[in-house]
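Report on one structure; see the data block that follows.
The values are calculated or read from the model by the stated rules, or taken from the named source; none is laboratory data. Since the model is a prediction, treat every value here as computed from it, not as a measurement. Note that we place each Cβ from the backbone using ideal geometry, even for glycine, and neighbour counts take in every protein chain shown. We work out accessible area using only protein heavy atoms, side chains counted, and drop any ligands, DNA or RNA first. Shrake-Rupley method; radii C 1.70, N 1.55, O 1.52, S 1.80 Å.
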Amino acid sequence: MLIKESSKYVLFSNFQIKEMAYKRTEHYDEDATSGLMENYRKVLGFIGEDPQREGLLKTPERLAKAMQYMTQGYQADARAILNSAKFHEKISEMIVVKDIEIYSMCEHHMLPFFGRAHVAYIPNGWITGLSKVARVVDVYARRLQVQERLTLEIMNAIKDTLNPLGVAVVIEAQHLCMMMRGVQKQNSETTTSAFDGEFQKNSTRTEFLKLISSDLSRR
Ligand SMILES: [Zn+2]
């Protein structure tokens, strides 16, 4: 899991961290499920389909559950997750977790956007479990979002709970609302970033950006 360690930074790749990440159980609210099903049945009719067609009979139910799964972040509290795994540690090297997979939905079209997040912080006495960093990304991603706000929310949750010397978040994502409709820019990737504290210094930010764009962790 530990990819590279130097006197200045500790770099982790999320491909390995994922294995120890929190196991989610699928939980559906009955009222939400039946309300969504009823409306999705209507949606099928409005787009010119026959909701009674065999292949579509169970679609409203599947979609109702999928929608709840994809927005489960509303039920979770990122700050509580970080506080639950907060350890006192005398580390002041940059901790980088790169390539955290992101699956979110844009709030304008409710279509998916997906990609990778890279998160770094420089501890100031407190660190958190690595899998918790990935969890925090998930908590905010599994809501209706805009990529810019998602980036900031992740940064602020880490900043508020760990009070680090600096936090950096970079997200690279592709948006289906751009790829499937409208301008149909199939290969465009949107990059957003947020930097706080030490990362506002050019040298620290450059080191972080170098680390996340390196191929150290790919195998
Ligand atoms: Zn959109």
Fill in the blank from the handout: When Tyr103 is run through (1) part of a helix (DSSP H, G or I); (2) without any contact (Cβ under 8 Å) to a residue 60 or more places away in the chain; (3) open to solvent by 50 Å² or more (accessible area, probe 1.4 Å); (4) not hydrophobic (A, V, I, L, M, F, W, C), the failure sits at (1)
Completion exercise
When every residue in the range 187-200 that is assigned to a loop (DSSP other than H, G, I, E, B) and either touching a residue at least 40 places away in the same chain (Cβ under 8 Å) or more than 15 Å from the ligand (Cβ to nearest atom) (or both) is compared, the one least open to solvent (accessible area, probe 1.4 Å) is Glu189
Exercise for the section: Quickly run through the range 46-61 and pick out the residues that are polar (S, T, N, Q) and assigned to a loop (DSSP other than H, G, I, E, B). Expected result: Gln52
Practice task
Determine which single condition Met94 fails, assuming it passes every other condition in (1) in contact (Cβ under 8 Å) with a residue 24 or more places away in the chain; (2) more than 16 Å from the ligand (Cβ to nearest atom); (3) open to solvent by 80 Å² or more (accessible area, probe 1.4 Å).
Solution key: (3)
Practice task
Taking Asp160 as the residue in question, decide whether it is acidic (Asp, Glu), open to solvent by less than 40 Å² (accessible area, probe 1.4 Å) and either under 21 Å from Glu207 (Cα atoms) or out of contact with any Ser or Thr (no Cβ under 7 Å at 6 or more places or on another chain) (or both).
Solution key: no
Completion exercise
By residue number, the members of the range 163-177 that are farther than 19 Å from Asp99 by Cα, open to solvent by 10 Å² or more (accessible area, probe 1.4 Å) and more than 16 Å from the ligand (Cβ to nearest atom) are Asn163, Pro164, Leu165
